[in-house]
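> First the structure, which I've put down as structure tokens, then a few questions once you've had a look.
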Amino acid sequence: MITTTTERLQDLQRTIQTVIQGKPEAVHLAVITLLAGGHLLLEDVPGVGKTTLAQTIARSLACSFQRVQFTSDLLPSDILGLSIFNQQSSRFEFQAGPIFANVVLADEINRTTPKTQSSLLEAMAEGRVTIENQTYELPRPFLVLATQNPIEHHGTYPLPESQLDRFLMRIRMGYPSPDNERRILRSQTLRHPIDEIAPVMSAEDVLELQDEARRVRVDDSLLDYLLNIVQATRTSELLDLGVSPRGSLALYRAAQAMALSEDRDYCLADDIKRLVVPVFGHRIVVNSRYSSRLRRGEETDAALTEIVKNVAVPI
């Protein structure tokens, strides 16, 4: 019987990796996002496993799950719900939308209009929604797993900075290696391996682990290191937009979760350094003069790597 934190997390990661092969770092970062109580944005070209990763995470948890396919004609009420008049009771009754689930897959989130995108802002930031002047609490834990295609693809709407800032992390899947792609093809000869996934963690387990992650110690020297990196993003000539205070908190929570995932009750400087790109990459805007010298898609990673390199690491 699995009882310890380390065993539970290892079992969760192993379960996800039976489907998502050859992407241990993406799986690890997804688990860290869950532990930190944040939301995850999966960005890459179609067909590399973004939706499959989100579905596998959802199936690995004994939690309620809803999937929303974002399209150009999707309305906010299609996500949040709406009040419908009941003729028998002669009054309006609220019909909850798919946002009222523990895990919500927002598939191809950037294929819908900004108005519909904005309907997620309150839910992702506060764990509640306000509809017709009535506030409704969302179930806990609450995790939005969103996928998006690169903005240069046809029919996409760029996510505004306020929406991007709600995601704890953005990760890219990338193409599999030839060996891993061979294993993927072989594993799906008769049926998809996701059909074999059984839940390995309950909602109560997730809440317990999230609470444990928040108790991980972060020394003052590490907090100063984190804040120095944040400040450097706000003053760097490489960037037009630095990291917000919400981004600072996201990195703090992610570092605590990474420590817990590696069986530690304290953070290291390396935890912070390793998480800067996935936590900050979607929150910054790179200066056009700098980005013009790099390949598209590499500018944020390169800028953040350069910034972190120039911030002194605590001894």
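Bear in mind that the values in this text are calculations on the coordinates, not laboratory data. From a predicted model like this one, the values you see are computed outputs, not experimental measurements. When we count neighbours, we look across all protein chains shown, and the Cβ atoms used for this are built from the backbone with ideal geometry, even at glycine.
> If you average 1/r over every pair of different alpha-carbon atoms in region 142-276 and take one over that average, what Kirkwood value in Å do you get? Present the calculation step by step, with values, prior to reporting the outcome.
Values: mean 1/r = 0.0546 Å⁻¹.
Hydrodynamic radius (Kirkwood, Cα only) of region 142-276 equals 18.3 Å.
> Tell me, what are the semi-axes, in whole angstrom and largest first, of the equivalent ellipsoid of region 5-209 as set by the roots of 5 times the Cα gyration tensor eigenvalues? Provide the component values of the computation, followed by the final result.
Numbers: eigenvalues 184, 84, 51 Å².
Rounded to whole Å, the semi-axes are 30, 21, 16.
> Can you give me the Kirkwood hydrodynamic radius for region 192-239, using every pair of distinct Cα atoms, in Å to one decimal? Could you put the intermediate results ahead of the total?
Values: mean 1/r = 0.0679 Å⁻¹.
In region 192-239 this quantity evaluates to 14.7 Å.
> Taking region 232-304 on its own, what percent of its Cα-Cα pair distances exceed 15 Å? Please list the in-between numbers first.
Working: 1455 of 2628 pairs.
Value for region 232-304: 55 percent of Cα pairs lie more than 15 Å apart.
> Quick check on region 71-182: what does the Kirkwood estimate of hydrodynamic radius come out to from the alpha carbon pairs, in Å?
Answer for region 71-182: a Kirkwood hydrodynamic radius of 15.9 Å.
> Just for the chain, what percent of DSSP beta bridges are antiparallel, to the closest 5? Could the numbers behind the result be given before it?
Values: 12 of 31 bridges.
Expressed as a percentage, antiparallel bridges in the chain total about 40.
> Now a separate question. Can you give the Rg/Rh ratio of region 1-75, where Rg is from the C-alpha atoms and Rh is the Kirkwood radius? Intermediate results must be reported in sequence, preceding the final value.
Values: Rg = 13.7 Å, Rh = 13.7 Å.
In region 1-75, Rg relative to Rh is 1.00.
> State to the nearest 20 debye the size of the charge dipole of the chain about its Cα centre, where the only charges are +1 on K and R beta carbons and -1 on D and E beta carbons.
Computed about the Cα centre, the dipole is about 520 debye.
> Okay, moving on. Around R67, which amide H atoms from residues at least 5 apart in sequence, or from another chain, sit under 5 Å from its own amide H, with H modelled in the peptide plane?
L105
> Can you give the calculated 222 nm mean residue ellipticity of the chain, where each DSSP H run of n ≥ 4 adds -39,500 (n - 2.57) and the sum is split over every residue, rounded to the nearest 500 deg cm²/dmol? Each step should come with its number before you reach the end.
Working: 14 runs with 136 residues, N = 315.
Mean residue ellipticity at 222 nm (helix-derived): -12500 deg cm²/dmol.
> Arrange T135, T5 by Cβ neighbour counts within 10 Å, fewest through most, would you? Before the final figure, lay out the partial values.
On the way: T135 10, T5 18.
Sorted ascending by nearby Cβ count, the order is T135, T5.
> Rank the residues Y225, Y157 as a footprinting-exposure proxy: fewest other Cβ atoms within 10 Å of their Cβ go first. If you can, show how the numbers build up before the last one.
Working: Y225 21, Y157 18.
Sorted ascending by nearby Cβ count, the order is Y157, Y225.
> Beyond 16 Å, what share of the Cα-Cα pairs of region 93-141 is found? Please give it as a whole percent.
Numbers: 484 of 1176 pairs.
Tail of the P(r) past 16 Å holds 41 percent of the pairs.
> Same structure again: Quick query: amide H of L61 versus all other amide H atoms, modeled in the peptide plane; which residues come in under 5 Å with a sequence gap of 5 or more or a different chain?
HN-HN under 5 Å from L61: V200.
> Let me ask you something else. Output ³J(HN,Hα) for region 121-126: one whole-Hz value per residue in order, computed from phi by the Karplus curve 6.51 cos²θ - 1.76 cosθ + 1.60 with θ = phi - 60°, and x for Gly and Pro.
4, 5, 4, 6, 7, 10
> I've got another one for you. Projecting each Cα onto the charge dipole of the chain (Lys/Arg +1, Asp/Glu -1 at the beta carbon, about the Cα centre), which of A101, H282, M258 comes out farthest on the positive side?
H282
> How long is the gain from I315 to S221 if the chain were fully straight, where each residue apart is worth 0.36 nm and the alpha carbon distance is subtracted?
The span from I315 to S221 would gain 33.0 nm if fully extended.
> For the chain, what is the relative contact order in percent, using Cα pairs closer than 8 Å and at least 6 residues apart in sequence? Working shown, then result.
On the way: 523 pairs, mean separation 66.8, N = 315.
Once divided by the residue count of the chain, the mean separation gives 21 percent.
> Under 27 Å Cα to Cα from K50, which lysines show up? Leave out anything in the same chain fewer than 8 places away.
Partners found: K23, K115, K273.
> A further question follows. Over region 14-135, how many percent of alpha carbon pairs lie in each 5 Å bin up to the one with the longest distance?
Pairs per bin, as whole percents: 2, 9, 18, 21, 18, 13, 9, 5, 3, 2, 1, 0.
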